[in-house]
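No value in this document is a laboratory result; all are computed from the given coordinates. This is a predicted model, so every value here is computed, not measured. Cβ placement follows ideal geometry from the backbone for every residue including glycine, while neighbour counts extend to all protein chains displayed.
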Amino acid sequence: MNFKHKYLFLLPGLLVLLGILIFPIGFTVRLSLSSWDSFFPGLDFIGLENYTRLFTDDPRFWESFQRLSFLSVTTVFLQYTIGFALAHIVWKEILFQRFFRVLFLIPMMTTPVIMTVIWKTVFHESLGPVNDFFSLFGVTPLWLSSEALSKVTVIIVEVWQWTPFMFLLLLAGLLSLPKEPFLAASIDGAGPIRKFVYVTFPLMAPISIGAIIIRLIEASKIMDTVYVLTSGGPGTSSETSSFYIFIKGLREFQFGYSAALSLTYLIIMIISLTIIAKMLVKLMIRS
Amino acid sequence: MRIFYVTLKYTAVTLWSMFIIAPFLWALSTSFKDFNSVTGGATYIPWVDFEPTLEGWRVLLRSPAQGGVNIVEPYLNSIFVTCMASFVSIVLGTLAAYALSRFTFKAGFIKNDDITFFFISQRIMPPVVLAIPFFIMLGKLGLLDTLLGLVMVYVVLLMPIAVWIMVDFFNKVPIEIDETALIDGCNPYQAFFKVVLPNSIPGMVVAGLFCMIFGWTDFFFAFILTFTEVQLLPVAIVSLNSSITPWWSLSAAALVSVAPLVVVAFIVERYLSKGNLSGALK
């Protein structure tokens, strides 16, 4: 089916999106070639200077990028494991099935930044309930102000917030699986573990890959949580790429340099996500 | 073995439920505290551990001039921006998704899948990349710190979600439906509006719910692109988190802001159980 009016369906959306985006993207490219900052606001042309600085003289950016990779891979792995386990449990018969399904969805409906403010009070080092509990054992871990633990805190909050999204995608997938393979497995006398390994998991592979990629994309944007919870601190020990770009751009107003950071970051993200997607496809389809 | 499995299952579910509920209970308890019961160390149960007060909740309704925290206006702003942006995204997204699912486009090396990918790829864009140019662009257009400016930006954030869900949905609506309508003498517009669209309500509801979730919970753009004239709810609440944090009103405000979308969780679960989501999410 094909007719000349097909563009009338497509173009309104496409044009609105392009219209709003074309300036920001084009402008970012141009900005990245200028030295625009708060002292000399203006579009001069300095060639690739910003990029040279980024690749030779900015370890902080690359550190923040490593940290981001670590944080997003860890959180997404935890979310996938926990989300799959929970989805698998409430997929089958269980008491209060609907109650659990609704409850497990709730965190993703809440505003991350607002819940993080609450989490900050939960993890408050002297007045919060977590350390109230730990003080029973005579220790008061520094959840927000020690280098190692502040990352753990960020991971806990991210897992709380976004496991439901993984849970939702995986449960929707489980509910759409055909019944026949399971019947066949039962007839062959497969137990629950074998059924999971040889039937459920392979059938879920495409959905799992989709869910993991979507979550990796969203997780790489992690910013709100860090901003509220630790502001990147102590020092720069919990700073992620987005947050670093934010500081350069909208705190220190080095617009030109932060545009170069943004574009480099965007390109790295697109390349690495494509590679990860390809790897996951190979890994999951084969097993 | 079976008993072991059942025990494990219920233990896991119970533990996770406690983890999910914990911050809400803590916030609820905190919202009834006052200065002394917060600064004296962690307390939990009203009347036993501390004397409850309604102050945290009363503050929310008072005007700022009387020392209150105004969240009514940000609340209405948030509702307006989320609904408008979701509505625009759904309308434009549905139309585009229909075109991408039913017709073949070809312009050089660009095909349908590439256009779909273009829409969806907007979600890969980290918000910081767009924030600065948006800041400058809205400033030039005089739309900084206005509701209209925010709606524009949110459409960019939400339309990819609408297109993503609706393309998938239309691909599962049999094309025979369109063809029958065309044979019966409808023109393509009538076929779409009278026949296909009524059959697509479930998909549009799901897409709408997702747009609302992501619109309502966004913080970053609202934070960057507004200052004083217009404030959205997340920004208003986070700004309470200043040097001396009033934990009680903060908790109360957080609970109030989180409440409406909890209803969404019930609706999503309904769709999930009826099997409508599996088609729309994949």
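Quick one: how many lysine pairs in region B:72-280 have C-alpha atoms under 25 angstrom apart, if they're 8 or more apart or on different chains?
Taking region B:72-280 as the scope, the lysine pair count is 5.
How many lysine pairs in chain A, separated by 8 or more positions in sequence or lying on different chains, have Cα atoms less than 22 Å apart?
Going through chain A pair by pair, I get 10.
Quantify how strongly other chains surround peptide B:118-124 by giving the mean number of their Cβ atoms within 10 Å of each of its Cβ atoms.
4
Which loop-located chymotrypsin sites (Phe, Trp or Tyr not before Pro) does region B:47-125 contain, where loop means any DSSP state but H, G, I, E or B and the Cβ has at most 11 other Cβ atoms within 10 Å? Walk me through the numbers before you get to the answer.
Values: sites: B:TRP47, B:PHE50, B:TRP57, B:TYR75, B:PHE80, B:PHE87, B:TYR98, B:PHE103, B:PHE105, B:PHE109, B:PHE117, B:PHE118, B:PHE119; in loops: B:TRP47, B:PHE103, B:PHE105, B:PHE109.
Passing sites in region B:47-125 are B:TRP47, B:PHE109.
Of the options B:ASN77, A:SER146, B:LEU157, report the single residue whose Cα projects farthest towards the positive end of the charge dipole of the protein assembly as shown (beta-carbon charges: Lys, Arg +1; Asp, Glu -1).
Projecting each Cα onto the dipole axis, the largest value belongs to B:LEU157.
Write down Rg/Rh for region B:2-66, rounded to two decimals, with Rg from the C-alpha atoms and Rh from the Kirkwood relation over Cα pairs.
With Rg and the Kirkwood Rh in hand, the quotient comes to 1.24.
For region A:29-101, what's the radius of gyration and Dmax over Cα atoms, in angstrom?
23.6, 67
For the residue pair A:ARG98 and B:GLU229, what label-to-label distance in nm results when each label sits 7 Å from Cα along the Cα-to-beta-carbon direction?
4.7
Residue by residue through A:18-25, how many Cβ atoms from other chains fall within 10 Å of the Cβ on average? Don't skip to the end; give the middle numbers.
Details: counts 1, 2, 9, 7, 0, 6, 12, 4.
Average per residue, whole number: 5.
Could you check how many percent of all C-alpha pairs in the protein assembly as shown are farther apart than 48 Å? Present the calculation step by step, with values, prior to reporting the outcome.
Numbers: 21505 of 161596 pairs.
When all Cα pairs of the protein assembly as shown are counted, 13 percent exceed 48 Å.
Which whole-Hz ³J(HN,Hα) couplings does region B:87-92 yield from phi under the Karplus relation 6.51 cos²θ - 1.76 cosθ + 1.60, θ = phi - 60°, glycine and proline marked x?
Calculated HN-Hα couplings, in order: 4, 4, 4, 5, 4, 5 Hz.
Between A:ARG60 and A:LEU183, what is 0.36 nm times their sequence separation minus the Cα-Cα distance? Round to one decimal in nm.
Here the answer is 38.7 nm.
Assign unit charges at the C-beta atoms only (+1 for Lys and Arg, -1 for Asp and Glu), then state the dipole size of region B:2-66 relative to its Cα centre in Debye, rounded to the nearest 20.
360
Could you bin all the Cα-Cα distances of region B:76-173 into 5 Å bins starting at 0 and give me the percent of pairs in each, rounded to whole numbers?
Bin by bin from 0 Å, the calculated values are 2, 13, 19, 19, 19, 13, 9, 5, 1, 0.
Mind ranking B:155-167, A:25-37 by how tightly packed they are, going by the mean number of other C-beta atoms within 10 angstrom, highest first?
So the peptides B:155-167, A:25-37, ranked by packing, come out B:155-167, A:25-37.
Once the convex hull of the C-alpha atoms of region A:115-222 is built, how many Å³ does it hold per residue, rounded to a whole number?
Per residue, the Cα convex hull of region A:115-222 comes to 148 Å³.
State, to one decimal in nm, how far the label point of A:MET279 lies from the label point of B:ASN171, with both points 7 Å from Cα in the Cβ direction.
Calculated label separation equals 2.6 nm.
Report the Cα-based extents of chain A along its three principal axes, largest first, to the nearest Å.
74, 74, 33
What do the square roots of 5 times the Cα gyration tensor eigenvalues come to for region A:208-287, in whole Å, largest first, as semi-axes of the equivalent ellipsoid?
30, 16, 9
For region A:28-69 and region A:118-191, write down the distance between their C-alpha centroids in whole Å.
So the two Cα centres are separated by 37 Å.
Express the Stokes-Einstein translational diffusion coefficient of region B:72-280 in µm² s⁻¹, to the nearest whole number, given a Kirkwood radius over alpha-carbon pairs, 10 °C and a viscosity of 1.306 mPa s.
My calculation gives 84 µm²/s for D.
Using only atoms on other chains, find how many Cβ atoms lie within 10 Å of each Cβ of peptide B:34-46 and report the average.
Mean inter-chain Cβ contacts per residue within 10 Å come to 2.
With each label point set 7 Å from Cα along the Cα-Cβ vector, what nm distance links B:THR39 and B:PHE109?
6.6
Ranking request for peptides A:53-63, A:127-137, A:156-166: highest mean number of other beta-carbon atoms within 10 Å first, then the rest in descending order.
Highest mean packing first, the order is A:156-166, A:127-137, A:53-63.
How high is the FRET efficiency between A:TYR198 and A:PHE40 when r is their beta carbon distance and R₀ equals 51 Å, given to the nearest 0.05?
Taking R0 as 51 Å, the efficiency between A:TYR198 and A:PHE40 is 0.20.
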